[in-house]
Amino acid sequence: MKFILSAISLLATSIMLIAQTKSIEVKDAQTKETLTGVYAIDQNNKEDYRITENKILKLEIGKTYRVSHIGYSSQVLKIKSSTPEVVFLEAQNTELAEVLVTGKIFQDPVMNITTPDLTERVSQPKNVADLFRDINGFGLIKRGNYAIDPSFRASQYEQLNIQYDGGTKVMNACPNRMDPITTHVMPEDIAKIEVVRGPYTMRYGATFGGLINMVSKRPELGKYGFSGSASTGYETNGNSMVNMVRLQYAEEKFDVVGMYGYRDFGNYEDGAGREIPSSFRSIDYSLRLGYNFASLERLQLHWRQSYGRDVLHASLPMDSDYDDSSMLSLDYFKKNPGKTLQKIQAKAYYSYVDHLMSNSRRSNFSTVEALSPVEATTAGGRFELEWKLDEFWTLFTGTDALLISRDGTRNRLIKLNMMGMSINPPIELTDKIWQESFINDYGFFAESRYRLNTSTVLSAGIRYDVVNSDIQDPASDFQDYYPGLGNRTEHNFSGTLSLKKLLDADNQLEFAFGRGVRSANMIERFINHFQVGQDPFEYIGNPNLDAEVNNQFEVAYTGKKTMDGPVDRLDWGASVYFSQFENYIVAIIDPTKTRKFMPNQEPLNPKVFRNLDDAYKTGFEANLGVNFFNNFQFDAEAAYVYARNEDLNESLPLTPPLRSKLSLQYNKNKFWIATDLRVVSQQDELATSFGENQATPGYELVDFRLGYELLPDLNLGGAVLNAFDQQYYDHLNFAFRNQANASLSGMERLTDPGQNFTVFVKYEF
């Protein structure tokens, strides 16, 4: 009986001990300020996590927790009755707020996706296309092997808010987009890409179809002294070579990073063995200087230059003799300047693009010489304050600016008349391309994040943009089209509301609505009888266009499950969205106007940009990941978008078909190998008014990639791309243009590379 009573007493004591909790307050070790939003994760059961409420963590005695907070070093605590009631966390060295996605559920923007480290597991020389190829929902608009634009959910160009490092921008100078923003940076310098899938944040400029942030590789925290890396890569298809060197020196107060890259790409062969004019050379370098005034305050200067030479564009009427760009950005960051004011962030940048295109390598050069020097200047910045209004209420307020100006001409020397007879002396003509235009956007925003409870966050934001534009040197015929030309000011209002619900530690549900507003870009406003589309039509701008509006709704679900047995882990996710557009901008044939250049050539009537009354799009993305047998991983993903122009009863232009990808990977110790199967469906939903007159066939591609760590810090990679030498082209590819010398017909689209063997070597020190 005594034994039974003792056992009951011991059991009761154990139960009481298990039920006991310890109240822990977490503070900044330097400022002694109480931290909110602290996570405590049970180290024996990762599904058991705690989040501070009323500035106190309630942790169970006898358990071990990892206590962490964004921007601070984490600390592992074994909770005892004697554990101190106050725990101090050390702030990490300050890094600039170039990253939007931090990996913290309640700090990240809603509806975001991010790539893994793009500098890891490289198996072939990276081109611009490789930055976006493996992100679900993306397609590539190709005019060659250099002028490549990303497309996301049938949004492209200025419909996507594309930037570097949380705000820096550089805009193309060429009206045919020979030099999109993605060509002005070394692909090897991009560590990851973050995407907000719609107009769901107001903090980083006017956003219509989505926000894309390309994050540069930054100095690693605590890695002091001298370090760096060197890499080289080679491709057989095109005899292409890439070389890169990165050097870094860092101290606690100061760091400097320099990069140099050289790329030499030749003409590639498509799956039919035809040589596609696509060669180019480029030299890039960058220098980043950072100074830490304190652990929570930093100033950084970043300088980049890129030089493109002899760039061939198979799907454009001319080639780039040179494409030079310069970018300078200055960033400042200070954390915890006051009790309520949590952060100060400031950025200013300037970029300049000097671009020259000509037809000297084209067959029509004997008839007419064309030389087009153009330039673009982009300047701007942003200033943001982060306020902690309450324990679970954060407010962001700020302003930003984007100032774009362009100018340039096309100089023509006509040597033969319409009958093919020589003109002596040749006729000299000058055509105004940009007509010395500018668009300035000044934005003001406020965005709030409120945590309703330990599992639910409500976010809301508003934005006001003042957009000022003008054309300062209009051509006479353009002035005749629009007699009231002059300075114009627009007032745009955007907003968003979203709810993020953590169902449990492994499942998350998101609801979002966003109203994104985009004023017309410079091509849509001011281009004058130039071929800037996928078709041979001349295009005329419209300075009176109303701003596009995207009213987008989206629901997303993500989950994961850790398992015992052959299958180690499952990851899954899906999102469904619908966008109702207002004033969607498209170019429509205008029978009241006639062609200006080569007036007897078809098509005789140009296209003029106008607003649609009724357009929409809807679609989904889905993914599934399976980790099994410890070393294997299988991933499947699919994306589909359906877009409709109800005014003309057709699809919206540049709408990609259903895309899916299956990937199988094996990774053990120093070796990894992977194979990818990409399946793209036929696209028969066409925008005939845009020049999409024939359905594009589907295709399947198989790639093999592998890598091996030969020595510590020495990695080898190899790949076989388009392993079965498939001849194919994508629906988003432009058609061949002015390629009589290469025996390529303008009736067919640009075909992509055939079979390609690659090798890549990287050494870090």
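Can you run down the residue pairs with Cβ atoms below 9 Å, 6 or more apart or on separate chains, where the first is in the stretch 650-677 and over 25 Å from PHE628 (Cα atoms) and open to solvent by 60 Å² or more (accessible area, probe 1.4 Å) and the partner is in a strand (DSSP E or B) and β-branched (Val, Ile, Thr)? Listed pairs, sorted by first residue: LEU658/VAL641; LEU658/VAL679; LEU658/VAL680. Counting only strands (runs of 3 or more DSSP E) that sit completely within the stretch 507-581, those holding 2 or more residues that are open to solvent by 10 Å² or more (accessible area, probe 1.4 Å) correspond to 507-518, 548-562. Given the structure, is SER231 assigned to a strand (DSSP E or B), within 30 Å of ASP730 (Cβ to Cβ), in contact with a Ser or Thr (Cβ under 8 Å, 6 or more places away or on another chain) and open to solvent by less than 40 Å² (accessible area, probe 1.4 Å)? Answer is no for this residue.
So is GLU709 closer than 30 Å to LYS223 by Cβ and either open to solvent by 70 Å² or more (accessible area, probe 1.4 Å) or out of contact with any His (no Cβ under 7 Å at 6 or more places or on another chain) (or both) or not? Criteria met by GLU709. Any residue at all in the stretch 104-114 that is of a type in the set (Phe, Trp, Tyr), assigned to a loop (DSSP other than H, G, I, E, B) and either under 27 Å from SER320 (Cβ atoms) or open to solvent by 30 Å² or more (accessible area, probe 1.4 Å) (or both)? No - not one qualifying residue is present in the stretch 104-114. When the stretch 653-702 is filtered for residues that are in contact with a helix residue (DSSP H, G or I) (Cβ under 9 Å, 6 or more places away or on another chain) and either modelled with pLDDT of 95 or more or not hydrophobic (A, V, I, L, M, F, W, C) (or both), only PRO653 remains.
Give the number of residues within the stretch 238-267 that are of a type outside the set (A, V, I, L, M), out of contact with any Asp or Glu (no Cβ under 6 Å at 6 or more places or on another chain) and surrounded by 15 or more Cβ atoms within 10 Å (Cβ to Cβ). Total meeting the criteria: 14. Out of ASP284, ASP321, one residue alone is under 22 Å from SER358 (Cβ atoms) and in contact with a strand residue (DSSP E or B) (Cβ under 6 Å, 6 or more places away or on another chain). It is ASP321.
Within the stretch 120-140, one or more residues are in a loop (DSSP other than H, G, I, E, B), at pLDDT below 90, open to solvent by less than 10 Å² (accessible area, probe 1.4 Å) and closer than 22 Å to ARG678 by Cβ.
Quick check, is GLY225 more than 21 Å from TYR285 (Cβ to Cβ), over 12 Å from the mean Cα position of the chain (by Cα) and open to solvent by 10 Å² or more (accessible area, probe 1.4 Å)? Judged against the criteria, GLY225 is a match.
Tell me, which residue of the stretch 111-129 that is under 12 Å from the mean Cα position of the chain (by Cα) and of a type outside the set (Val, Ile, Thr) is nearest to ARG281 (Cα to Cα)? Among residues in the stretch 111-129 that are under 12 Å from the mean Cα position of the chain (by Cα) and of a type outside the set (Val, Ile, Thr), the one nearest to ARG281 (Cα to Cα) is ALA129.
Set side by side, the residues PRO317, PRO337 differ, and just one is part of a loop (DSSP other than H, G, I, E, B) and within 23 Å of GLY290 (Cα to Cα), which is PRO337. Tell me, yes or no, whether the stretch 194-212 has at least one residue that is under 12 Å from the mean Cα position of the chain (by Cα), open to solvent by 10 Å² or more (accessible area, probe 1.4 Å) and more than 22 Å from ILE523 (Cβ to Cβ). Yes, because at least one residue in the stretch 194-212 is under 12 Å from the mean Cα position of the chain (by Cα), open to solvent by 10 Å² or more (accessible area, probe 1.4 Å) and more than 22 Å from ILE523 (Cβ to Cβ).
Within the stretch 597-612, the set of residues being among the hydrophobic types (A, V, I, L, M, F, W, C) and either open to solvent by 40 Å² or more (accessible area, probe 1.4 Å) or closer than 14 Å to PRO536 by Cα (or both) comprises PHE597, MET598, LEU604, VAL608. Just so you know, in the stretch 48-76 the residues that are hydrophobic (A, V, I, L, M, F, W, C) and under 26 Å from ASN507 (Cα atoms) include one that is modelled with the lowest pLDDT, and it is ILE70. Note on the stretch 383-423: residues that are closer than 17 Å to ALA370 by Cα and loosely packed, with under 14 Cβ neighbours inside 10 Å total 4.
If you take the residues in the stretch 731-743 that are open to solvent by 10 Å² or more (accessible area, probe 1.4 Å) and part of a loop (DSSP other than H, G, I, E, B), which one is nearest to ARG177 (Cα to Cα)? Here the answer is ARG737.
I'd like the residue in the stretch 711-730 that is among the polar types (S, T, N, Q) and assigned to a loop (DSSP other than H, G, I, E, B) and, out of all such residues, is farthest from PRO697 (Cα to Cα). If we take residues in the stretch 711-730 being among the polar types (S, T, N, Q) and assigned to a loop (DSSP other than H, G, I, E, B), then ASN722 is farthest from PRO697 (Cα to Cα).
The values are calculated or read from the model by the stated rules, or taken from the named source; none is laboratory data. What you see is a predicted model, and the numbers here were worked out from it, not measured in a lab. Counting neighbours? That spans all protein chains shown, and the Cβs are built from the backbone with ideal geometry, glycine included. Surface areas here come from the heavy atoms of the whole protein model, side chains and all, with no ligands, DNA or RNA. Shrake-Rupley method; radii C 1.70, N 1.55, O 1.52, S 1.80 Å.
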